[in-house]
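The values are calculated or read from the model by the stated rules, or taken from the named source; none is laboratory data. These numbers were taken from a predicted model, which means no experiment stands behind them. Glycine gets a Cβ as well: all are built from the backbone with ideal geometry, and neighbour counts include every protein chain shown.
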Amino acid sequence: MAMTDTSVKAPPARQADLAARRRGLLAVVIGKAPFLGLLAVLLIVWELVPRLADIHQIVLPPFSRVANQLLSNIPMYVVATGQTFSLVLVGFVAGAVFGFLSAVAIFYSSFFRRAVYPYLFAFRIVPKLAFLPLFLLWFGTGATTKVVLAATAIFFLVLVQVLLGLYGIDDEFIEFGRSLKMRETEIFRRIRLPAAMPSMMVGLKMGVTYALTNVIVAEMVVAHTGLGILLVDGRYRMRTYEVLAAIVVVSLAGLAVYVAAAYVERKTTSWHYSE
Amino acid sequence: MSGVRRDSLGRQIADPLIFGIMVIAVWAAIPVIFDLHPVLLPGPAAVWNVVWEYSYVLLPAMLNSAGNLGIGFAVGVAGGIGLGVLLHYSASIREAVYPFLVVVFVTPKAVFVPLLLLWFGTGDLYKVLIVLTMTFFPVLENTLAGLRGVQTEMIELSRSLGASHVTTLVKVRLPSALPSILAGVKLGVAEAFIGIVLAELLAPRSGIGALIMNASRSSATAFVIAGIVYIAVAGIATYFIFDAIEKRATFWQY
C-alpha cells in the first residue's frame, strides 16, 4: 500500500538529506531551499495580497492576523486539541482491541471465516461517517457518539488488516513451528502475530487518521468541545482568521499523529524494513 | 493465499448466506424481545419498507450526490495522475511542493469545510471540491510510487531505440505504473465516498447525506438506516466496478 508509506521521498533526495545532515545545519537549510523558498513566497503573498488588493477580512485575512490569533490563544488550542485527542485515543484503543480480538476469533473459526470475510471486504468501502446520524439518535450528542464513531472506523480496518496478515503467512513457517513441537498458542505468539504485524500497523496508521476525521466531523455537527467546534464557531461568527488558525492547529495535530504512527510502525516492524 | 484450506464451493456460498440471515434474524428479534420503540431500533422489515416506499426521495438524493461525487472524483484522479507525472520529472518542484502536500495529506479534510463554505457557499462546487481533495492524494501517492518503480532497463531500452520522452512516458512508464495507479484509484473511490458524505453531513442542503442528517434530527431512525443502505450499496457497487476495471486493464498481473 504505497499511499501509507512514509518513504515518499525519492531515494536520491534522502541520500542528499543524510549527506546534508553530516555537513551541518546550514547545509540542511540549503538542501531544503526549494521548500523554504516556496514557503516564504507563499507567506509573503498571503500577507500582502489581502492588504494591497483590499480583500475583506472575511474572505482572506492576512497571515499576521492568523498568526496573532494562534499565538495569543495557545491555551485554548491546547485544551481543544486535548479534548479531541482524548476521544480519538479512547475510540482508537477500543476499536483496535476489539478489532484484533475479532480477527483472531474469525481466524480460528472456519465457519466465521467463510461467513464473515465477504461482508468485511464489502463493508470496508462503506464510509463509517454515514453512521453518524444513526449514532446521534442512539448515543446522543455527547462524547459516546464520537468515541463509537472513531472506534468503528478503527475496528474494521484493524479487523481486515489483521486477517490479511494472518492469512498471508507462508505455510512453511507454520510447518517449521510444528516440527519444533510448538503448541498453537506458541505458534500464534511467535510466528503468526509477528508476521501479521506489518499488515496490522498499516491498518492502525490509516485508522488513526480516519478516527481523527470522524471525531472532528462529529464535533462540527453537534459538539460543544474540541477542535471541531472551533472551526464551526469561526465560520458562524464570520471570523475567517479563527477558521484558518484552527485549520493550522489540526494540520499540526495530523502531522504529529502521522509522524508518531510512522515511528511506531518502524519500531514494531523493524525487521520488515531491514534494507 | 497460502494458509487457507480450500473450501467447497457450496460452503463458500452457503456460509455467508447463513450468517446474513442470522444477523437479520437477530436484528428482527431485538426490538421485539426488548420491546424497543421504533425510534430506537426499527426492525429490518420497517427499514426495507422505507428503502422501497421512499425510493422516490432517496434515489434522486443519491443521484444528486453521485453527480457531485463523479465530477470531484474524475477531476481528483486526473489531477493526481497529472501532478504525479509532473513531480516525477522535476526534482526541484517535487522538493518544493512535497512538504505542503504531506501536510494537507495528513490533515483531516473535514477542517477545510468551514473555509470552503465561507468561500463557495453550500452548493455543488463546495462538495465537488471536498471530494476532489480526498480523491487526489491516494492517486498522487500511488502514481509517484508506480512511476518510481518502473525498471530502468525498460526506459533505457526505449530511449536507445530512439523513443522521445513523451513516447517513453506514454508507452513505457505509464503502462508499467498502471497497476499502482489503479490501486490508488480504488483507494480514491473509498475516499471520495467519505468526502461526499462528510460534505453533505456538515452542510445538509441536498443529497443523500443531507437527507439522513435531517432524518436524524427528526428522529426518523428507519429512514436514516435506509439512507445508509443506499450509501453502502452505491459504495460497494462502485468499488467492484473499479475492481473489475483494474483486473481488466492490468490483466498481465493476474
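Condition check ((1) facing chain B (nearest Cβ under 10 Å); (2) not charged (D, E, K, R)) across all residues:
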site: A:Arg190; (1), (2): no, no
site: A:Gly203; (1), (2): no, yes
site: A:Met206; (1), (2): yes, yes
site: A:Leu212; (1), (2): yes, yes
site: A:Met220; (1), (2): yes, yes
site: A:Leu227; (1), (2): yes, yes
site: A:Asp233; (1), (2): yes, no
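Determine whether A:Ala260 is surrounded by fewer than 22 Cβ atoms within 10 Å (Cβ to Cβ), within 13 Å of chain B (Cβ to nearest Cβ), hydrophobic (A, V, I, L, M, F, W, C) and part of a helix (DSSP H, G or I). So A:Ala260 fits the description; yes.
The set of residues in the range B:153-167 being in a helix (DSSP H, G or I) and touching a helix residue (DSSP H, G or I) at 6+ places or on another chain (Cβ under 9 Å) consists of B:Met154, B:Ile155, B:Leu157, B:Ser158, B:Arg159, B:His165, B:Thr167.
In the range A:230-238, the count of residues that are touching a residue at least 24 places away in the same chain (Cβ under 8 Å), under 30 Å from B:Asn214 (Cα atoms) and surrounded by fewer than 20 Cβ atoms within 10 Å (Cβ to Cβ) is one or more. For the range A:115-129, state whether one or more residues are outside any helix (DSSP H, G or I), surrounded by 16 or more Cβ atoms within 10 Å (Cβ to Cβ) and of a type in the set (Lys, Arg). Yes.
Out of contact with any Leu (no Cβ under 8 Å at 6 or more places or on another chain), aliphatic (A, V, I, L, M), part of a helix (DSSP H, G or I) and touching a residue at least 60 places away in the same chain (Cβ under 8 Å) - does that describe any residue in the range B:207-223? Yes, some residue in the range B:207-223 is out of contact with any Leu (no Cβ under 8 Å at 6 or more places or on another chain), aliphatic (A, V, I, L, M), part of a helix (DSSP H, G or I) and touching a residue at least 60 places away in the same chain (Cβ under 8 Å). For the range B:21-40, residues that are facing chain A (nearest Cβ under 9 Å) and either at pLDDT 90 or above or more than 22 Å from B:Val224 (Cα to Cα) (or both) total 2.
Just so you know, in the range A:148-163 the residues that are under 15 Å from the mean Cα position of the chain (by Cα) and away from every other protein chain (no Cβ under 14 Å) include one that is nearest to B:Ser219 (Cα to Cα), and it is A:Ala151. The single residue among B:Ala66, B:Ala78, B:Ala46 that is free of Cβ contacts under 8 Å to residues at least 24 places away in the same chain, out of contact with any strand residue (DSSP E or B) (no Cβ under 9 Å at 6 or more places or on another chain) and among the hydrophobic types (A, V, I, L, M, F, W, C) turns out to be B:Ala78. What about B:Ala78, is it closer than 30 Å to A:Ser110 by Cα and not in a loop (DSSP other than H, G, I, E, B)? In short, no.
The rows are residues; the columns are (1) more than 9 Å from chain A (Cβ to nearest Cβ); (2) surrounded by fewer than 15 Cβ atoms within 10 Å (Cβ to Cβ); (3) over 22 Å from A:Ala122 (Cβ atoms).
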{"site": "B:Ala163", "(1), (2), (3)": "yes, no, yes"}
{"site": "B:Val170", "(1), (2), (3)": "yes, yes, yes"}
{"site": "B:Arg173", "(1), (2), (3)": "yes, no, yes"}
{"site": "B:Leu202", "(1), (2), (3)": "no, no, yes"}
{"site": "B:Ser216", "(1), (2), (3)": "no, no, yes"}
{"site": "B:Ile245", "(1), (2), (3)": "yes, yes, no"}
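Screening A:Phe111 with (1) within 10 Å of chain B (Cβ to nearest Cβ); (2) in a helix (DSSP H, G or I); (3) buried (at least 23 other Cβ atoms within 10 Å of the Cβ) gives one miss only, at (3).
Does B:Val39 satisfy the criteria of being more than 23 Å from the chain's Cα centre (by Cα), of a type in the set (A, V, I, L, M) and either surrounded by fewer than 20 Cβ atoms within 10 Å (Cβ to Cβ) or under 26 Å from B:Lys186 (Cα atoms) (or both)? Here the answer is yes, as B:Val39 does meet what is asked. Looking at B:Gly121, is it closer than 30 Å to A:Ile55 by Cα and loosely packed, with under 15 Cβ neighbours inside 10 Å? Taking the combined requirement at face value, the residue satisfies it. Here B:Ile196 clears all of (1) free of Cβ contacts under 8 Å to residues at least 24 places away in the same chain; (2) assigned to a helix (DSSP H, G or I) except the condition numbered (1).
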